[in-house]
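Okay, so here's the structure we're looking at.
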């Protein structure tokens, strides 16, 4: 052993970096659950991979529920820090890792939405799209804008259910698990959201079509 | 002339199950397929729901987290880890331990 370490010499910083890259490459193939077990043992590389794997998705969920980029950024940062600080609360048999992670994120979003208005940023104007537009794209954009506006006005629970179902691709059962509801309660939220959006969407579609026909 | 009540019932089912008919319960599907074959208005309602759901799916598509967020999260985690190994260390100026939003007790208990 002593001979071997004499041959290899003391570990250089480049060798340590190389070992880290090797460890990260090995970990990349692991399931979320295996990574979380490593995170529970304090493995920083596993945590980094969890963050990298889910950052975009969790940010997109938060951004669909919260009105501003800065709000979503706060919530996402807080969510992942809680993954670390509450890592021992997760157990592989109790819930899938993604269910647990989404549950933390949406609870943080709900909490954020409950804050007094003065603690939140003022409503920022929607960015203007300056791309050249054809009649059809104007029509579609009007519909999209009307739908997005109506979506933002829905109760928070309905917005969350929509984001998980339509944008995260979850089933009704999975939405229910993340939201801590029964399947029928989650599906009722989706139904009420669709009903409200449909009224706005149908009205906007007729209005946009009329404007289109008048040209 | 198709009973208007049928359209209202169809509309209700569309909101319940969405526009993907493959996801509907079998017992609901047979009468709905018959209605769709015979009613232009029903087909139009289905098309409108499909269009709305497609727009919901692509709403804010391509949204990206801000640059540097991953690094900020990792720095926060390393500070938390330091505090775990040395709880007598300096106070956490950025509030990473309590969470950036204040760390309400009610929320902690929900996790």
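We did not get these values from a lab; they are worked out from the coordinates using the rules stated. In this text, all values refer to a predicted model and were calculated from it rather than measured experimentally. Every residue, glycine as well, gets a Cβ built from its backbone with ideal geometry; the counts of neighbours run over all protein chains shown.
Before moving on, here are some points about what is shown:
- Shape summary: the stretch B:1-86 maps onto an equivalent ellipsoid whose semi-axes, from the alpha-carbon gyration tensor, are 50, 15, 9 Å in decreasing order.
- Note on B:46-58: average number of Cβ atoms from other chains within 10 Å of each residue's Cβ is 5.
- Sequence of A:100, B:24 once ranked by neighbouring C-beta atoms within 10 Å, starting from the fewest: B:24, A:100
- Taking every residue in A:35-41 and counting other chain Cβ atoms within 10 Å of its Cβ, the average works out to 0.
- Where N is the number of residues in the stretch B:1-47, Cα Rg divided by 2.2 N^0.38 Å: 1.02
- Fewest-first sequence of A:55, B:14 by Cβ atoms within 10 Å of each Cβ: A:55, B:14
- Packing-based exposure ordering (other Cβ within 10 Å, fewest first) of A:206, B:63, A:50, A:160: A:206, B:63, A:50, A:160
- Per residue of peptide A:44-55, the mean number of Cβ atoms on other chains within 10 Å of the residue Cβ is 2.
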